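Colleague: Before anything else, here's the structure in question.
The values are calculated or read from the model by the stated rules, or taken from the named source; none is laboratory data. Quick caveat, the model's predicted, so the values are computed rather than measured. FYI the Cβ positions are ideal-geometry reconstructions off the backbone, even for glycines, and counts take in every protein chain you see.
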Amino acid sequence: MAVPEAVEREALSRGVVVAAARAQIVAKGLDELSLRKLGASLGVTAPALYAYVTDKRDLVRGVAEGEFGALLERFMAVREADPVLRLRLLCRSYVDYALENPELYKTMFLFPPELEISEPTGVEIALATRTFRYAVGTIEEAIEAGRLRVELDPVVVSFVCWTATHGLATVLLLGFAFDEATRDMLIDTVLDTMIRGLGG
């Protein structure tokens, strides 16, 4: 006897829809994500998804929120007392996350953090801001300890670190055929140069 469709399929919720979108992004890439394909994978029509997301952008925002949460968990797992070494480990963790999750990484920065040095745009994600602020806290510690340049605002230093680290991750994702040793050497060189340039 056939099992009723409602029993076969997991009950839909925003969490289920966002998780399915995440899986689709990982498998096919962000550019291939569509509500029609997503609905088909969940056994419903695209209009049925509007009970859980307002539009495709809201769907991608939900995925991005989850990824910022995962990145923040990685940051919080870094247990290093020395704030400068911790900052370097946070930057390395960021790069590793991007390399491990290239398509998800692309979703995250459609929704940036809110910065004290910039006017809000209205698309910021609170978890992105929390993740950025976590790094700022480490930089504040390093500046207070005289380990980084005391004349610089911690948020500015954070933006400098983010620019270097984000740029590094983006270049590494361009598809160069680096072996692991060369890739690690390039990462170490960029991070070491950045830290030295910010040194107190």
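Colleague: Is it the case that MET185 is farther than 17 Å from LEU85 by Cβ, at pLDDT 95 or above, outside any loop (DSSP other than H, G, I, E, B) and not aromatic (Phe, Trp, Tyr)?
Modeller: Yes.
Colleague: For ARG61, indicate whether it is under 16 Å from the mean Cα position of the chain (by Cα) and charged (D, E, K, R).
Modeller: Yes; evaluated as a whole, the condition is true for this residue.
A quick yes/no check of all residues on (1) surrounded by 14 or more Cβ atoms within 10 Å (Cβ to Cβ); (2) in contact with a Lys or Arg (Cβ under 9 Å, 6 or more places away or on another chain):
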position	(1), (2)
ILE143	yes, yes
CYS161	yes, no
HIS166	yes, no
VAL171	no, no
LEU186	yes, no
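Colleague: Examine the range 165-175 for a residue that is within 13 Å of LEU87 (Cα to Cα) and either in a helix (DSSP H, G or I) or touching a helix residue (DSSP H, G or I) at 6+ places or on another chain (Cβ under 9 Å) (or both), and state whether such a residue exists.
Modeller: Yes, the conditions are met somewhere in the range 165-175.
Colleague: Please name all residue pairs, on different chains or six or more residues apart, with Cβ atoms under 7 Å, provided the first residue is in the range 77-95 and is in contact (Cβ under 8 Å) with a residue 12 or more places away in the chain and the second residue is hydroxyl-bearing (Ser, Thr, Tyr) and outside any loop (DSSP other than H, G, I, E, B).
Modeller: Going by the 7 Å Cβ cut-off, the qualifying pairs are VAL78/SER93; PRO83/THR138; ARG86/THR138; LEU87/THR138; LEU90/THR138; CYS91/THR165; TYR94/THR165; VAL95/THR165.
Colleague: Can you pull out every residue in the range 139-174 that is of a type in the set (Asp, Glu) and over 22 Å from ALA128 (Cα atoms)?
Modeller: Result: GLU144, GLU151.
Colleague: May I pose another question? Is the range 104-127 home to any residue that is basic (Lys, Arg) and at pLDDT below 95?
Modeller: yes
Colleague: Then there's this: Of the residues ALA142, ALA128, which is in contact with a strand residue (DSSP E or B) (Cβ under 6 Å, 6 or more places away or on another chain) and assigned by TED's automatic domain parsing to the domain that holds MET194?
Modeller: ALA142
Colleague: Same structure again: Could you say which residue among ALA98, ALA20, ALA11, ALA64 is outside any helix (DSSP H, G or I) and either touching a residue at least 24 places away in the same chain (Cβ under 8 Å) or among the small types (Gly, Ala, Ser) (or both)?
Modeller: ALA11
Colleague: Could you please let me know if VAL156 is under 18 Å from the mean Cα position of the chain (by Cα), without any contact (Cβ under 8 Å) to a residue 60 or more places away in the chain and more than 15 Å from PHE68 (Cβ to Cβ)?
Modeller: no
Colleague: Please give the number of the condition PHE111 fails out of (1) in a helix (DSSP H, G or I); (2) of a type in the set (A, V, I, L, M, F, W, C); (3) buried (at least 17 other Cβ atoms within 10 Å of the Cβ).
Modeller: Tallying (1) in a helix (DSSP H, G or I); (2) of a type in the set (A, V, I, L, M, F, W, C); (3) buried (at least 17 other Cβ atoms within 10 Å of the Cβ), PHE111 fails exactly one: (1).
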